[in-house]
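Participant: Got a structure for you, questions after.
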Number of protein chains: 4
Amino acid sequence: MADAITTVEMLKNSVKKFTEDREWQQFHSPKNLSMAMASEVAEVMDLFLWCDNAASYEELEKRRQEVEDEIADVAVLLLAFCVRHNIDLSAAMAHKQIEQARKYPIEKCKGKSLKYNQL
Amino acid sequence: MADAITTVEMLKNSVKKFTEDREWQQFHSPKNLSMAMASEVAEVMDLFLWCDNAASYEELEKRRQEVEDEIADVAVLLLAFCVRHNIDLSAAMAHKQIEQARKYPIEKCKGKSLKYNQL
Amino acid sequence: MADAITTVEMLKNSVKKFTEDREWQQFHSPKNLSMAMASEVAEVMDLFLWCDNAASYEELEKRRQEVEDEIADVAVLLLAFCVRHNIDLSAAMAHKQIEQARKYPIEKCKGKSLKYNQL
Amino acid sequence: MADAITTVEMLKNSVKKFTEDREWQQFHSPKNLSMAMASEVAEVMDLFLWCDNAASYEELEKRRQEVEDEIADVAVLLLAFCVRHNIDLSAAMAHKQIEQARKYPIEKCKGKSLKYNQL
């Protein structure tokens with residue numbers, strides 16, 4: 001598999017099958033999945049906890065496989081949420097990007113990390 | 001856009017363009033992106049904070065647009081991480097699923113929510 | 001030690017000594033400590049990930065020592081934040097409670113779990 | 001109030017009264033409180049999201065009142081957890097510190113931010 005030829009639906013189907021084979025849909029309430037996502041993201045954070053931003057790039061290269069595994073764990077839960085609760089992720093992202101582009105106009109926020117309400 | 005015809009690369013390219021237009025790559029260290037992801041996931045959790053699992057399904061339907069927006073925010077940061085740090089998400093997920101299938105054999109964990117080390 | 005006779009300052013002093021003995025103050029930036037707190041809270045969440053609210057009470061009793069250890073880990077980081085960044089926690093809590101009492105008047109929110117902006 | 005003369009029990013009693021006045025004990029399951037804590041910690045993180053460690057010290061001074069308010073919010077939930085689930089925080093911290101001192105011997109970890117399993 002590779003991102004260039006893999007649709008979001010193909011990834012969703014893979015997560016769906018894994019879940020249904022284990023009859024885990026019953027545990028996939030919005031509440032549970034949001035918590036589980038938070039827990040997996042915390043494992044990504046754990047890899048960069050005490051270092052500076054600059055050092056976190058090196059840290060990533062040293063432990064790339066671990067990082068990729070944790071990122072995959074987050075993705076699985078994100079897609080499990082979309083599968084279980086009928087979200088078309090591509091459509092949701094397209095919808096949200098319109099709002100983001102309005103909140104963060106290029107000319108106002110170029111090179112700045114400020115939040116929209118501080119711009 | 002729709003998940004059936006959208007490749008992961010197409011979503012990545014959209015995130016990449018949005019980021020580069022604003023010259024935000026400089027802020028996208030592994031450390032910063034992991035924190036930002038955690039912050040966005042917390043906003044998903046916020047929608048289901050004090051209710052039971054059962055009630056969280058209804059809560060989701062009542063506030064579907066908000067939920068989809070927050071899920072999209074998480075996805076943007078997840079893909080921004082993959083873009084900035086050269087992760088092929090489909091490959092990472094395929095790699096991780098092999099390990100998960102080994103940790104969670106169907107016959108042992110069907111219908112159970114236990115962690116692999118408690119099975 | 002017991003909560004009835006232990007002042008917040010006594011707990012802070014204990015955290016301070018542990019930190020200074022190891023020369024860890026240098027790592028205790030607001031950014032790092034906020035991440036580390038999030039990571040420790042995720043370990044508390046992990047203990048109640050897939051169960052219902054009702055079952056989480058039993059889960060806590062079954063694994064009380066683990067829960068208490070994780071709660072202690074969160075407290076250590078919270079107090080380390082206060083120590084390193086000169087926060088009088090008792091004063092901060094008293095200050096915040098005035099605002100909370102205003103946002104959540106007893107008569108309006110008794111028995112309800114709504115957020116103040118939904119009351 | 002001030003940390004030097006405030007016992008942990010006094011803070012707990014204040015949180016307990018606030019909770020009971022609003023009949024909120026029913027919502028304070030271990031699961032709900034762990035989620036709510038995670039959500040409040042995310043609000044602390046939000047204040048230091050895109051900056052470097054060094055800049056986060058200045059950021060804290062610029063927005064000290066906000067930081068103190070968010071730290072207080074985390075403390076309220078941590079103490080609400082201890083109140084609702086009978087945890088003596090001082091005892092739990094004393095117990096955990098013995099383990100931490102064993103995991104992180106001064107001579108081995110002085111000035112180092114490594115996790116115990118990497119020392």
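The values are calculated or read from the model by the stated rules, or taken from the named source; none is laboratory data. Note that the coordinates shown come from a computational prediction; the quantities given were computed from them, not determined experimentally. Ideal geometry is used to build each Cβ from the backbone, glycine not excepted, and the neighbour counts take in all protein chains shown. Ligands, DNA and RNA are excluded from the accessible area calculation, which covers all protein heavy atoms including side chains. Shrake-Rupley method; radii C 1.70, N 1.55, O 1.52, S 1.80 Å.
Participant: Tell me the distances, shortest first, between B:Gln100 and the same position across the other copies, using label points 7 Å along Cα→Cβ, in nm to one decimal.
Facilitator: Counterpart label points of B:Gln100 in the remaining copies fall at 2.3, 3.4, 3.7 nm.
Participant: Which value, in debye to the nearest 20, describes the size of the charge dipole of the protein assembly as shown about its Cα centre when Lys and Arg Cβ atoms bear +1, Asp and Glu Cβ atoms bear -1, and nothing else is charged?
Facilitator: I would put it at about 0 debye.
Participant: Using a 7 Å offset from the Cα along the Cα-to-Cβ direction at both C:Asn13 and A:Glu99, what is the distance between the two label points in nm, to one decimal?
Facilitator: Here the modelled spin labels are 5.1 nm apart.
Participant: Please get the size of the charge dipole for chain C, origin at its Cα centre, with Cβ charges of +1 on Lys and Arg and -1 on Asp and Glu, quoted in debye to the nearest 20.
Facilitator: 780 debye
Participant: List the distances, in nm to one decimal, from the label point of B:Ala55 to the label points of the same position in every other copy, shortest first, placing each label point 7 Å from Cα along the Cα-to-Cβ direction.
Facilitator: The answer, with the shortest distance listed first, is 1.9, 4.1, 4.5 nm.
Participant: Where does chain A land at 222 nm, in deg cm²/dmol rounded to the nearest 500, when only DSSP H runs of n ≥ 4 count, each adding -39500 (n - 2.57), divided by all residues?
Facilitator: It lands at -22000 deg cm²/dmol.
Participant: On to the next question. Work out the charge dipole of segment A:1-63 with +1 on the Cβ of Lys and Arg and -1 on the Cβ of Asp and Glu about the Cα centre, then indicate which of A:Ala42, A:Ser56, A:Val8 is farthest towards its positive end.
Facilitator: A:Val8
Participant: So how long is each side of chain B along the principal axes, counting just the alpha-carbon atoms, biggest first, in Å?
Facilitator: 48, 37, 32
Participant: In whole Å, what are the extents of the protein assembly as shown along the principal axes defined by its C-alpha atoms, from largest to smallest?
Facilitator: Ordered largest first, the protein assembly as shown gives principal extents of 64, 43, 43 Å.
Participant: Tell me, how many Å apart are the Cα centres for segment B:45-118 and for segment D:1-67?
Facilitator: When both Cα centres are located, 27 Å separates them.
Participant: Picking from B:Val67, B:Gly111, B:Ile98, whose Cα lies most toward the positive end of the charge dipole for chain B (charges on Cβ: Lys, Arg +1; Asp, Glu -1)?
Facilitator: The Cα lying farthest towards the positive end belongs to B:Ile98.
Participant: I need the inter-copy label distances for B:Asn13: point set 7 Å along Cα to C-beta, values in nm with one decimal, smallest first.
Facilitator: 2.2, 6.5, 6.7
Participant: Can you give me the angle between helix D:30-46 and the longest principal axis of chain D, using Cα atoms only, in degrees from 0 to 90, rounded to the nearest 10?
Facilitator: Compared with the principal axis, the helix lies near 50 degrees.
Participant: Here is a further query. For segment A:15-119, which whole percent of the accessible surface, found with a 1.4 angstrom probe, sits on carbon and sulfur atoms?
Facilitator: 50 percent
Participant: Let me ask something additional. Please compare each pair in B:Lys115/D:Lys115; A:Lys110/B:Lys17; B:Lys31/D:Lys31; A:Lys112/B:Lys12; A:Lys103/B:Lys12 to a cut-off of 18 Å on the Cα-Cα distance and tell me which ones are over it. Before the final figure, lay out the partial values.
Facilitator: Working: B:Lys115/D:Lys115 23 Å; A:Lys110/B:Lys17 13 Å; B:Lys31/D:Lys31 28 Å; A:Lys112/B:Lys12 21 Å; A:Lys103/B:Lys12 20 Å.
Those over the limit are B:Lys115/D:Lys115; B:Lys31/D:Lys31; A:Lys112/B:Lys12; A:Lys103/B:Lys12.
Participant: So how much accessible surface do C and D hide from each other in total, probe 1.4 Å, in square angstrom to the nearest 100? Intermediate results must be reported in sequence, preceding the final value.
Facilitator: Values: alone 9530 and 9500 Å², together 12200 Å².
Roughly 6800 Å².
Participant: How far apart, in nanometres, would the label points at D:Ile5 and A:Arg63 be if each is projected 7 angstrom from Cα along the Cα-to-Cβ direction?
Facilitator: 4.6 nm
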